[in-house]
Amino acid sequence: MSWTYKQHEIGDITQFPENTFGFVYMTTHKPTGKSYIGKKVLFHNQKKKLGKKELAALTGVVGRRPSYKLVVKESDWLKYYGSQTDIKQLLLEGKKDEFERTILKCVQSKKQLTYFEIKYQMLYQVLEKPEEFFNDNILGKFFTKDLDGLEFENLVSDKK
């Protein structure tokens, strides 16, 4: 199953806009209507230990010789649905076809990725609507349980 971005299906990394670092997404469980908003990077940097031949080829290195090299590897974005426990459980039960995955925003840097993830989580009021969203925290700092008993008002009005 692929992702949807601006009404188009994305099933290959080459279909992303140029210079995309990662994306903010919404995964929706169709039977319950509950969603999850998160972020995903397209590539990972991995430390890979240098082999004997690679170490031997490092001649003329001044200072400490490196024992690792960085390898850029495509992430598991195509198979990814979210990190939330309830979503993972539903996937273990074989319910992948019950999910719809939508890319909300493609971004070009790590900082933008975190900013837009928080922005969408706040816009959709994920912590204030636990009946609509799987999200139970934002940045590991703000939790649904911290908001128990509070009444919420719509801060965004139709002012013009």
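The values are calculated or read from the model by the stated rules, or taken from the named source; none is laboratory data. Only a predicted model underlies this, so the values are computations on that prediction, with no experimental measurement involved. We place every Cβ from the backbone using ideal geometry, glycine too, and count neighbours over all the protein chains shown.
Can you name the residue in segment 72-92 that is free of Cβ contacts under 8 Å to residues at least 40 places away in the same chain and over 25 Å from PHE16 (Cα atoms) and, of all such residues, is surrounded by the most Cβ atoms within 10 Å (Cβ to Cβ)?
The qualifying residue surrounded by the most Cβ atoms within 10 Å (Cβ to Cβ) is LEU91.
Any chance you could count how many residues in segment 93-140 are basic (Lys, Arg) and within 21 Å of THR20 (Cβ to Cβ)?
Number of matching residues: 5.
Hey, could you check segment 32-54 for residues that are farther than 30 Å from LYS95 by Cβ and surrounded by 13 or more Cβ atoms within 10 Å (Cβ to Cβ) and say which is nearest to the chain's Cα centre (by Cα)?
LEU50
When you go through LYS79, LYS53, LYS129, LYS110 one by one, which is the residue that is within 18 Å of LYS34 (Cβ to Cβ), out of contact with any strand residue (DSSP E or B) (no Cβ under 6 Å at 6 or more places or on another chain) and not aromatic (Phe, Trp, Tyr)?
Exactly one of LYS79, LYS53, LYS129, LYS110 is within 18 Å of LYS34 (Cβ to Cβ), out of contact with any strand residue (DSSP E or B) (no Cβ under 6 Å at 6 or more places or on another chain) and not aromatic (Phe, Trp, Tyr), namely LYS129.
Do we find that TYR80 is at pLDDT 90 or above and of a type outside the set (A, V, I, L, M, F, W, C) in this structure?
In short, yes.
If LEU147 passes every condition in (1) closer than 30 Å to ASN19 by Cβ; (2) modelled with pLDDT under 90; (3) surrounded by 11 or more Cβ atoms within 10 Å (Cβ to Cβ); (4) aliphatic (A, V, I, L, M) but one, which one does it miss?
Result: LEU147 fails condition (1) only.
Checking the condition within 27 Å of GLY140 (Cα to Cα) and among the acidic types (Asp, Glu), which residue from GLU74, GLU9 passes?
One residue alone meets the criteria, GLU74.
Out of curiosity, is THR114 hydroxyl-bearing (Ser, Thr, Tyr) and either within 13 Å of the chain's Cα centre (by Cα) or surrounded by 15 or more Cβ atoms within 10 Å (Cβ to Cβ) (or both)?
Yes.
Scanning segment 22-71 for residues that are of a type in the set (A, V, I, L, M) and in contact (Cβ under 8 Å) with a residue 60 or more places away in the chain, which turns out farthest from TYR124 (Cα to Cα)?
Among residues in segment 22-71 that are of a type in the set (A, V, I, L, M) and in contact (Cβ under 8 Å) with a residue 60 or more places away in the chain, the one farthest from TYR124 (Cα to Cα) is VAL41.
Quick one: GLU100 ticks every box in (1) in contact with a Leu (Cβ under 8 Å, 6 or more places away or on another chain); (2) touching a residue at least 40 places away in the same chain (Cβ under 8 Å) bar one, so which box is it?
(1)
Do you know which of the residues in segment 3-15 that are under 15 Å from the mean Cα position of the chain (by Cα) and of a type outside the set (Val, Ile, Thr) is nearest to GLN112 (Cα to Cα)?
Residue satisfying both the conditions and the ranking: TYR5.
Could you list, in sequence order, the residues of segment 1-19 that are in contact (Cβ under 8 Å) with a residue 40 or more places away in the chain and surrounded by 12 or more Cβ atoms within 10 Å (Cβ to Cβ)?
MET1, SER2, TRP3, THR4, TYR5, ILE10, ILE13, PHE16
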